[in-house]
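Following: one structure in structure tokens, then a few remarks.
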Amino acid sequence: MPESPAQDRRARFETLALPELDAVYRTAYYLAGSVAEAEDLTQETYLRAFKHFDSFRGDVIRPWLFAILRHAAVDRYRQRKREPLFFDDDPDGSDDHFGATEGGPEDDVLANLVDADVQQAVLGLPPAWRMVVVLADVEGFAYKEIASITGSPIGTVMSRLHRGRKQLAKSLADYARAAGYVAEHDR
Amino acid sequence: MNHARAWMLLDRFLDGELDPDARWAVASHLDDCPDCAAELASRARLRAALRPKLASVTAPPDLRRRIVAELAITPDPPRLVADPPADPAPAPAPTPLAAGGRRPMRLALAAALVAAVFALAFVTAGWFGQNARPDPMVAMASDLAAQHHTFAHDETLLDVRGSDAQVAAWLDKELGFQVRTPALPGYELAGARLVTIGSAPAAQIVYERPETNGPSAYASLVLFDPNGNAGPTLDTYAAQEDGMSVVAWQAPNCRAALVAELPPGETMTLAKAVWNDV
Ligand SMILES: [Zn+2]
């Protein structure tokens, strides 16, 4: 039985977009910080994407879908009029330490950190940095793709990625130290 | 390639984001430099270890079902008529470059981003380990070093290239305050780009010093805050990070900072050459 154009469109959307569900949800979780928020955000992203599916060209849906996710996140939190924390703002108080190496905790320390520790450390990053770190280091997007998704110049992406990774490594090292995974004399 | 430059490019090397020449230059430095090689290995191990810990977050089982159910009752929207593709405008002088922030976006993405604004509110989850606020000058110098680190080495990331006059004219138009592009001894003007310092527009003027053997060295002169009321009171300040040093000062018409891949003393000497010239 031939499908109607509407069914065809829906089937094509589902074939392209649903395989990305875990990735979209995961990024939503790192943006929003809670399971409930991440679920709502993911659902909103898919509905918006479906509505705008005609504007999608090409066959690689990931950057497009993630750009919609970002917009859904921005709109959602703008509507709530909570204390504004600017998603696109780079914090002026950064944690950079001059001359520090950036490799973070040692391997055995890292092995001791459970997933939840690492996830909390990511959630502790300023939002603008957190987004690029997740897009690059979890989802594997290239700098140019991240620039498209976040609507930022590629240089801004690189700057945020550099600083976000650096702070993440430091947070993990601090966390490991506080949790007693590393002895004081190892510092 | 010297150690400081290679060190700065380690992340981009690891990300596969360097052009073949730079990639080769970093790779051959790594053969000779145990410090860079060890740092690269450490960052690679960290990333490889983090990825599965972060990717273990997966969608709840019934989320897919809910989404599919909702899609099934979502009516098909009216067909959209796409705008004609944006014309990547032919280059006037000075040349806005296609790469970097001003490159044309894919049409589909442009449509999706049409409602984009730059200052967007977002609520973060609870901050993990509120950081003690560092000295604002340390933060600013670090920010400037990061700007230099990411922008200066790749001329495709510049917004404008050309003669002094072309660069100055472009900055005048884009920046909203007048700047000069002083000559930096030993360096040639490479171009400029707009950056943001403390959420206000700033000019980053990039200079290149060709090396006889090996890649060029770069310096960035950052001009910002013409009214002198954004950010910390500025005394002359010097700091060092990742083989770069930063000197910041209050110039006659705005604040200025020079980032160079030099020891602080040499950057200071260079800064003094343009001290009142910006
Ligand atoms: Zn080295």
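The values are calculated or read from the model by the stated rules, or taken from the named source; none is laboratory data. Treat the numbers as computed from the prediction; the structure is a model and nothing was measured. All Cβ positions, even for glycine, are placed from backbone atoms using ideal geometry, and neighbour counts span all protein chains on display. SASA here: full protein model, heavy atoms, side chains in, ligands and nucleic acids out. Shrake-Rupley method; radii C 1.70, N 1.55, O 1.52, S 1.80 Å.
Please count how many residues of the stretch A:117-141 are open to solvent by 10 Å² or more (accessible area, probe 1.4 Å), more than 9 Å from the chain's Cα centre (by Cα) and more than 7 Å from chain B (Cβ to nearest Cβ).
3
Return the total of residues in the stretch B:241-278 being among the small types (G, A, S), over 22 Å from B:F177 (Cβ atoms) and at pLDDT below 85.
Final tally of qualifying residues: 3.
Out of the residues in the stretch B:20-43 that are at the interface with chain A (Cβ under 9 Å from one of its Cβ atoms) and more than 10 Å from the ligand (Cβ to nearest atom), state the one that is nearest to A:M158 (Cα to Cα).
B:R43
Using beta carbons and a limit of 7 Å, which pairs, at least six apart or on different chains, have the first residue in the stretch B:261-278 and in a helix (DSSP H, G or I) and the second one open to solvent by 60 Å² or more (accessible area, probe 1.4 Å)?
B:P264/B:Q240; B:L270/B:P185; B:A273/B:P185
Out of all the residues in the stretch A:15-51, which are surrounded by fewer than 17 Cβ atoms within 10 Å (Cβ to Cβ) and touching a Leu at 6+ places or on another chain (Cβ under 9 Å)?
A:L47
Just to verify a result, which residue in the stretch B:44-67, among those that are open to solvent by 50 Å² or more (accessible area, probe 1.4 Å) and more than 7 Å from chain A (Cβ to nearest Cβ), is farthest from A:L168 (Cα to Cα)?
Taking the stretch B:44-67 as the starting set, the residues that turn out to be open to solvent by 50 Å² or more (accessible area, probe 1.4 Å) are B:45, B:48, B:51-52, B:56, B:58, B:61-62, B:64-66.
Next cut, more than 7 Å from chain A (Cβ to nearest Cβ) only: B:48, B:52, B:61-62, B:65.
Values: B:A48: 14, B:P52: 15, B:P61: 30, B:D62: 32, B:R65: 35 Å.
Looking at the filtered set, the residue picked out is B:R65.
Got at least one residue in the stretch B:5-19 being more than 21 Å from the chain's Cα centre (by Cα), more than 9 Å from the ligand (Cβ to nearest atom) and over 22 Å from A:V133 (Cβ atoms)?
Of the stretch B:5-19, the ones more than 21 Å from the chain's Cα centre (by Cα) are none.
No, every residue in the stretch B:5-19 fails to be more than 21 Å from the chain's Cα centre (by Cα), more than 9 Å from the ligand (Cβ to nearest atom) and over 22 Å from A:V133 (Cβ atoms).
Pairs under 6 Å by beta carbon, first residue outside the structural domain of B:A152 (by TED's automatic domain parsing) and within 19 Å of B:A44 (Cα to Cα) in the stretch B:18-30, partner within 15 Å of the ligand (Cβ to nearest atom) and small (G, A, S), six or more apart or different chains?
Listed pairs, sorted by first residue: B:V26/B:A6; B:H29/B:A6; B:L30/B:A37.
Here is a list of conditions, (1) within 14 Å of chain A (Cβ to nearest Cβ); (2) modelled with pLDDT under 85, and B:D172 meets all of them except one; can you say which number that is?
Failed condition: (1).
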